[in-house]
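Worksheet: one structure, shown below.
The values are calculated or read from the model by the stated rules, or taken from the named source; none is laboratory data. This structure is a prediction, so every number in the text was calculated from the model and none was measured. Every residue, glycine among them, receives a Cβ derived from its backbone with ideal geometry; neighbour counts consider all protein chains shown. Calculation scope for accessible area: heavy atoms of the full protein, side chains included, ligands and nucleic acids excluded. Shrake-Rupley method; radii C 1.70, N 1.55, O 1.52, S 1.80 Å.
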Amino acid sequence: MSRRAVVIGAGLAGMLAAAALSTVADEVVVLDRDELPDGPEHRKGLPQGRHAHLLMAGGLAAMEDLVPGVSIREHLLAAGAHEIPLGSGMVALTPEGWFRRWRHTGPRMLTCTRALLDWAVRDAVRAHTGVRIRRAQALELTGSRQRVTGVRISTPAGEEELSADFVVDASGRGSRIVKWLAELGISDVREKTVDAGLVNATRLYRTPEGAEHFPLTIVQANPYLGRPGRSGMMLPIEGDRWMVSLAGTRGGGEPPSDPEAFLRYALDLPDPIVGRLVSGAEPLTDVHVSRSTSNHRRYLEKTRHWPERLVVLGDALATFNPAYGQGMSVAAMGAGVLSRELRRSPLTGAGLARRVQRAAAGSVEAAWTMAVSQDVWFPGTRGGSPGVADRLVTAYTRRMIRTATGSFTAASAVWDVTSMTTGPTRLLRPSTVLATLSGPPLPPAAGAPLTEAERAVLRGLDRTGS
């Protein structure tokens with residue numbers, strides 16, 4: 001008997017889930033209401049699509065496992081993405097000081113536009129599986145509290161019911177899953193939002209001649225000063241371009257859309273390095289601003305009842321402040337959980353959907369804790385404030401980050417957790433705890449850890465007179 005799986009949403013989470021399902025289903029149909037571009041172009045369904053995205057090593061590894069016959073990494077690099085070693089290829093100012101750069105490179109991350117990443121994954125999945133994409137909008141789930149049987153959809157030809165042996169909701173931040181579940185008789189979904197009011201503003205520049213190898217540069221926001229956070233990032237992307245993203249929280253920290261004010265904002269960050277870099281670079285676009293940045297979580301794994309043959313993944317399950325670069329990796333890991341469980345159980349096996357939903361909550365929990373534990377410290381944050389546990393964790397984390405500015409042992413732990421190659425328990429290993437308690441063996445860096453060649457590039461680009 002032919003088995004059909006339906007995935008709602010053709011974004012990153014949806015296509016990766018479709019790849020996992022293609023190994024066991026006779027037919028996999030992905031639904032998306034957008035007209036998908038043929039190449040790496042921006043589309044409406046990605047509210048953060050024009051801003052900075054970092055693909056961490058843990059997320060990339062999960063993607064590579066999901067799409068057989070092709071290397072997502074090589075596909076992206078061939079299209080112009082950049083591979084950045086966290087230990088040596090990044091210049092980062094943290095609230096505790098500048099991170100040093102080490103000969104040991106540490107985990108690597110990929111930088112490119114979100115449009116390129118989505119296209120590369122979509123192209124790879126379509127080329128190496130039988131997955132079919134159909135333009136349609138999901139209206140509701142069909143079935144009962146015990147079992148989902150399909151999706152009612154709207155198409156240009158009208159409404160229809162699409163039967164399915166398995167359904168994945170990967171429709172993103174705007175998912176209607178809570179409403180759909182209530183219609184099936186499941187009304188005990190707990191949700192939580194922690195919103196620091198972050199605003200993103202991004203502009204693209206042509207990479208200046210001679211600056212092709214300038215390191216990714218980050219000035220992080222400081223949530224511990226009792227005032228709005230401000231941050232900035234310059235990352236190299238495909239097409240010989242720099243993407244410059246500024247971000248700030250509510251209450252006066254929001255970056256502007258005006259080009260001149262955009263530059264002034266970058267120069268007013270805790271260190272002006274991002275502004276100095278772009279002051280002499282050629283802008284290629286206007287400033288794009290977005291406000292869809294809150295942390296929002298649906299605790300679907302905790303509902304009393306869960307229907308068979310339904311799984312929710314990606315941003316439909318949880319969204320995170322994009323400043324922490326976790327969302328894409330969490331989506332990939334969720335699809336990885338689905339793939340592993342499908343190898344152990346038939347597509348229509350009893351309890352499969354519940355096991356996937358509960359296991360997917362693991363990577364969500366780690367990312368949620370990392371994002372929210374910082375966002376609650378910004379003034380004006382809605383939905384959360386630091387409690388006793390937060391203060392204890394923050395005290396240890398700040399001391400560890402301060403140590404990491406001058407300790408390879410502590411820095412390695414931070415890289416591993418940030419890249420999502422290990423969980424947060426990595427920070428509690430005896431070697432990491434001992435290093436943290438001992439403090440940094442090297443003194444704080446007086447400024448950005450640039451090579452002489454990089455300092456010459458910065459001086460040559462600087463039009464600010466500083």
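Just a few scattered comments:
- Computed on the range 39-166, the Cα convex hull volume stands at 190 Å³ per residue.
- Sequentially through the range 67-72, phi angles give Karplus couplings (6.51, -1.76, 1.60; θ = phi - 60°) of 10, x, x, 8, 9, 4 Hz, Gly and Pro residues having no value and appearing as x.
- Candidate lysines for bridging to K302, where Cα separation is under 25 Å - those fewer than 8 sequence places away on the same chain excluded: K179, K192
- Net charge, R190 excluded, C-beta distance under 12 Å - Lys, Arg +1, Asp, Glu -1: +2
- Nearest-0.05 FRET efficiency for R340 and L437, computed from C-beta distance (R0 56 Å): 0.90
- Residue-averaged 222 nm ellipticity for the chain, from DSSP H runs of 4+ at -39500 (n - 2.57), nearest 500: -10500 deg cm²/dmol
- Neighbourhood charge, 15 Å Cβ-Cβ cut-off, centred on L428 and excluding it, Lys, Arg +1 and Asp, Glu -1: +2
- Under DSSP loop assignment and at most 13 Cβ neighbours within 10 Å, longest GluC sites (Glu not before Pro)-free interval of the chain: 213-466
- Expressed as a whole percent, the accessible area of the range 308-387 that falls on carbon and sulfur atoms is 52 (1.4 Å probe).
- Of the chymotrypsin sites (Phe, Trp or Tyr not before Pro) in the range 201-277, the ones in a loop by DSSP (not H, G, I, E or B) with at most 16 other beta carbons within 10 Å are Y224.
- Cα-based shape type of the range 308-398, given that a ≥ b ≥ c are square roots of the gyration tensor eigenvalues and the cut on a/c is 1.5: prolate
- Sites matching chymotrypsin sites (Phe, Trp or Tyr not before Pro) across the range 298-350 that sit in DSSP coil, with at most 16 neighbouring C-beta atoms within 10 Å: Y299
- Excluding ligands, DNA and RNA, the accessible surface per residue across the chain is 42 Å² with a 1.4 Å probe.
- Shape of the range 255-322, Cα gyration tensor, a/c cut at 1.5: prolate
- Computed lengthening from D26 to D38, 0.36 nm per intervening residue step minus Cα-Cα distance: 1.8 nm
- For the range 310-466: Kirkwood Rh in Å [reciprocal of mean 1/r, alpha carbons]: 18.7
- Cα gyration tensor, the range 23-91 - rounded (a/c under 1.5), prolate or oblate: oblate
- Dipole axis of the chain (+1 Lys, Arg; -1 Asp, Glu on Cβ), positive-most option in I237, M370, G251: M370
- Residue-span extension gain [A389 to E74] - 0.36 nm each, minus C-alpha spacing: 109.2 nm
- Looking at the range 180-247, the trypsin sites (Lys or Arg not before Pro) that sit in a DSSP loop and have at most 16 other Cβ atoms within 10 Å of their own Cβ are R190.
- In plain terms, the chain from R291 to L225 could stretch by 21.5 nm, reckoned as 0.36 nm per residue minus the Cα-Cα distance.
- From the Kirkwood radius over Cα pairs of the range 106-159, Stokes-Einstein at 37 °C and 0.692 mPa s returns a whole-number translational diffusion coefficient of 224 µm²/s.
- For the range 399-449, the fraction of C-alpha pairs more than 18 angstrom apart is 26%.
- The structure shown yields percent of Cα pairs over 38 Å apart, and of the options (i) 24; (ii) 33; (iii) 43 that calculated value carries the label (i).
- FRET efficiency, R429 to R103 (Cβ-Cβ, R0 35 Å, nearest 0.05): 0.95
- Converting the Cα gyration tensor eigenvalues of the range 102-196 into ellipsoid dimensions via √(5λ) gives semi-axes, longest first, of 33, 22, 13 Å.
- Between R398 and E160, the C-beta separation translates, for a Förster distance of 60 Å, into a calculated FRET efficiency of about 0.60.
- Once you reduce the range 353-424 and the range 209-276 to the center of their Cα atoms, the two points are 23 Å from each other.
- Ligands, DNA and RNA left out, the accessible area of the range 96-135 computed with a 1.4 Å probe is 43% carbon and sulfur.
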